[in-house]
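Notes to accompany the following structure.
What follows is calculated from the coordinates using simple rules that are stated; it is not laboratory data. If you're wondering where the values come from, they're calculated on a predicted model, not measured in any experiment. FYI the Cβ positions are ideal-geometry reconstructions off the backbone, even for glycines, and counts take in every protein chain you see.
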Amino acid sequence: MSTAIERSEATSSERIDLTAPWELSYWATRWRVSTEELLSAAAEVGTVKRVLKAYLSQGPVPLSTRPQ
């Protein structure tokens, strides 16, 4: 049985730490986006790496399909 600490460590490894400049730089470079784009995407969909990667790989969303 895993402890709460083990579970939180597993969860945190699935997320990007937006307070760590090195981590922002690493993931922005890896996904070929700016840190500003990464921060904007994180504000939209959260900090889970797989969700961010999917969101960023979609490319720009046309204005006509953006929520008002």
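Amide hydrogen proximity for residue 18: with H placed 1.01 Å from N in the peptide plane, no residue at 5 or more positions away or on another chain lies under 5 Å.
Summarising the label geometry, the points placed 7 Å from Cα in the beta-carbon direction at residue 35 and residue 17 lie 1.5 nm from one another.
Among rounded, prolate and oblate, which fits the range 9-57 when a ≥ b ≥ c are the square roots of the eigenvalues of its C-alpha gyration tensor, a/c under 1.5 means rounded, and a/b larger than b/c means prolate?
Oblate, since a/c reaches 1.5 and b/c is not below a/b.
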